[in-house]
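See below for the structure under consideration.
The values are calculated or read from the model by the stated rules, or taken from the named source; none is laboratory data. Not measured: the values here are computed from a predicted model. So basically every Cβ, Gly included, is an ideal-geometry build from the backbone, and we count neighbours across all protein chains shown. Heavy atoms of the whole protein, side chains included, go into the accessibility calculation; ligands, DNA and RNA do not. Shrake-Rupley method; radii C 1.70, N 1.55, O 1.52, S 1.80 Å.
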Amino acid sequence: MNAPLDLEARAHSEHAQELRLWLRLLTCSQLIEKRVRAGLREQFDTTLPRFDLMAQLERHPEGLKMKELSHRLMVTGGNVTGITDQLVAEGLVERLGVDGDRRAFRVRLTGHGHAAFAAMATQHEQWIVDAFEGLALRDLDQLHRLLGKVKQHQLDINARLDPDPIE
């Protein structure tokens, strides 16, 4: 049986090692995400964007304005509105008015939403643990440390390129 083509298959030995590493990271990320998406769909009849929205709300019990959710999820306001409408209809989130602004509202998890998200988050964590079970603890620590260096280097580059980012 042939292995499916992935991003990493595009790289050849003549490409820079950094490019081959980048493609491997993307491929690993996509493979793990594919497993998570399938699991959310099969076990919870939900999607990754819905899970991600609920995860943001779990971190902010007071709720978030729609614009804040859109920014945090890096999607359009329309996407957030559509997902929120579904979750409100299912009783997982609720909309609350914002004092001093009749046009705005906050969204927060309901009690039912907290319980549903807790079950999903526990299983999500297990899928991620399973994805890395082939690595020894020492390897996990080393990979985490090395990726931390890559992250910091990129943050430094980004700060030089855009010293005053708009948040």
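Taking the range 90-102 as the search range and keeping residues that are open to solvent by 80 Å² or more (accessible area, probe 1.4 Å) and more than 23 Å from the chain's Cα centre (by Cα), which one is farthest from Pro49 (Cα to Cα)? The extreme case among them is Gly100. Restricting the range 28-46 to residues that are without any contact (Cβ under 8 Å) to a residue 24 or more places away in the chain and of a type outside the set (A, V, I, L, M, F, W, C) leaves a set whose member that is farthest from Glu133 (Cα to Cα) is Asp45.
To keep it simple, each residue is scored yes or no on (1) of a type in the set (D, E, K, R); (2) touching a strand residue (DSSP E or B) at 6+ places or on another chain (Cβ under 8 Å); (3) part of a helix (DSSP H, G or I); (4) surrounded by fewer than 12 Cβ atoms within 10 Å (Cβ to Cβ).
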{"residue": "Ile83", "(1), (2), (3), (4)": "no, no, yes, no"}
{"residue": "Ala104", "(1), (2), (3), (4)": "no, yes, no, no"}
{"residue": "Val107", "(1), (2), (3), (4)": "no, yes, no, no"}
{"residue": "His112", "(1), (2), (3), (4)": "no, no, yes, no"}
{"residue": "Ala121", "(1), (2), (3), (4)": "no, no, yes, no"}
{"residue": "Glu125", "(1), (2), (3), (4)": "yes, no, yes, yes"}
{"residue": "Val129", "(1), (2), (3), (4)": "no, no, yes, yes"}
{"residue": "Gln142", "(1), (2), (3), (4)": "no, no, yes, no"}
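Please enumerate the residues belonging to the range 86-105 that are out of contact with any helix residue (DSSP H, G or I) (no Cβ under 8 Å at 6 or more places or on another chain) and at pLDDT below 95. Leu96, Gly97, Val98, Asp99, Gly100, Asp101, Arg102, Arg103, listed by residue number. Can you confirm whether the range 107-126 contains a residue that is without any contact (Cβ under 8 Å) to a residue 60 or more places away in the chain, farther than 25 Å from Gly63 by Cα and not small (Gly, Ala, Ser)? Yes, the range 107-126 contains a residue that is without any contact (Cβ under 8 Å) to a residue 60 or more places away in the chain, farther than 25 Å from Gly63 by Cα and not small (Gly, Ala, Ser).
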